[in-house]
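Everything below concerns the one structure shown next.
Rule-based calculations on the coordinates, nothing more; no lab input. For clarity, every value in this text was computed on a predicted model and none was experimentally measured. In this analysis, Cβ positions are derived from the backbone assuming ideal geometry, glycine residues included, and neighbour counts consider all displayed protein chains.
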Amino acid sequence: MAGGWARDGAVSEQIEATISDELARLKARSLPQGESRTHCAECEEPIPEARRVALPGVKLCIDCMAERDRHVPARGGYNRSGSKDSQLK
């Protein structure tokens, strides 16, 4: 059952489209490639062999990667429904 000006299933379609967009963005990320380093590119600490095997092409140790991930800016969400004013036009 839709409310207002939306047709039946519109909310579900918006949610599915948002999820599909995010999955496509994640799949498009570039992963490390090539030969893994034996020591971290930032702190020169040894990178464990298990990490090098699990992530071919890894350049950073776990601590440096975790620190880098903490500083990734948050992404804004999508407002696919628009404002109510735009629906009235």
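Amide H to amide H distances under 5 Å link Val58 with Ser36, Arg37, where only residues 5 or more positions off or on other chains count and H is placed in the peptide plane. A Cβ-based charge dipole, computed about the Cα centre of region 32-72 with Lys and Arg at +1 and Asp and Glu at -1, lands at about 160 debye. In terms of overall dimensions, the C-alpha atoms belonging to region 14-64 reach 46, 20, 16 Å along their principal axes, ordered largest to smallest. Label separation (Gln33 vs Glu45): 2.9 nm, computed from points 7 Å beyond Cα along the C-beta direction.
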